[in-house]
Amino acid sequence: MTINIEDLLNSIKESLDRIEYIGADEIPDIDLYMDQVTTFMESHLKNTTRNPGGDKILTKTMINNYAKNDLIPPPIKKKYSKDHVLLLIFIYYYKGILSISDIQELLEPITNRYFQNGEVYDLSRVYEEVFGLEREQKDILKADVEEKFRIAQSTFGDAPEEEREFLKIFSFICMLSFDVYVKKLLIEKMIDGITDKRNEAGRKKRKGEEE
């Protein structure tokens with residue numbers, strides 16, 4: 001097994017550079033049919049996939065399932081608004097690490113409060129605020145990846161030479177995986193907290209109605 005470890009790191013950093021979020025102003029203000037939605041998502045996000053030439057960003061089946069599972073409101077006369085597209089972008093990034101039920105729990109209060117609310121502080125404002133932060137995190141993420149890479153390169157110094165390269169890569173993968181695991185665990189705990197708070201509010205409301 002021969003892998004140029006420096007090429008590997010550079011490839012990872014280039015992948016981070018290719019991650020570009022879709023600005024809210026890039027999303028059409030007119031309602032779109034499903035085919036137009038999938039084409040829009042494909043053209044803007046294909047470079048974020050593992051295999052840009054083959055992986056699908058979004059399919060008709062996915063969109064229908066999201067609507068059935070209340071992740072997005074149903075379309076109006078088979079057309080999807082700008083706010084529908086914003087929610088689909090959130091779902092695209094969440095679905096790699098969260099369950100459908102967790103995504104629903106996270107997005108439901110956002111949808112209830114900001115989806116086509118007709119106010120200045122709408123879903124576009126929420127979206128831009130959140131993804132603006134993501135954009136600023138790129139250099140921090142690169143530095144973190146480089147530090148983990150450096151630490152991984154210092155491991156297995158006494159391993160057999162023919163196995164050393166793979167073991168260093170394995171060490172690097174384990175460090176990145178642990179980082180993802182811890183952050184996923186934190187996200188799930190926070191969502192559980194949101195769920196508990198909403199359930200408690202629901203119980204208090206029902207109790208007040210009964211009294």
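Taking the criterion of being surrounded by fewer than 16 Cβ atoms within 10 Å (Cβ to Cβ), charged (D, E, K, R) and in contact (Cβ under 8 Å) with a residue 12 or more places away in the chain, the only residue of the range 100-114 that qualifies is Glu108. Within the option set Ile27, Ile72, being touching a Phe, Trp or Tyr at 6+ places or on another chain (Cβ under 7 Å) and either free of Cβ contacts under 8 Å to residues at least 40 places away in the same chain or open to solvent by less than 20 Å² (accessible area, probe 1.4 Å) (or both) holds for one residue only, Ile72.
Phe172 meets the conditions (1) under 21 Å from Ile100 (Cβ atoms); (2) modelled with pLDDT of 90 or more; (3) in contact with a helix residue (DSSP H, G or I) (Cβ under 9 Å, 6 or more places away or on another chain) in every case but one. The failed one is (1). With respect to the conditions (1) farther than 20 Å from Lys184 by Cα; (2) open to solvent by 70 Å² or more (accessible area, probe 1.4 Å), Asn65 lacks only one, and its number is (2). For the range 148-164, a tally of residues being touching a residue at least 12 places away in the same chain (Cβ under 8 Å) and in a helix (DSSP H, G or I) returns 5. I'm checking my understanding of the structure. Among residues of the range 118-151 that are among the acidic types (Asp, Glu) and either open to solvent by 60 Å² or more (accessible area, probe 1.4 Å) or within 18 Å of the chain's Cα centre (by Cα) (or both), which one is farthest from Ser11 (Cα to Cα)? Residue satisfying both the conditions and the ranking: Glu119.
The values are calculated or read from the model by the stated rules, or taken from the named source; none is laboratory data. This structure is a prediction, so every number in the text was calculated from the model and none was measured. In this analysis, Cβ positions are derived from the backbone assuming ideal geometry, glycine residues included, and neighbour counts consider all displayed protein chains. Just so you know, the surface numbers come from the protein's heavy atoms only, side chains and all, with ligands and any DNA or RNA stripped out. Shrake-Rupley method; radii C 1.70, N 1.55, O 1.52, S 1.80 Å.
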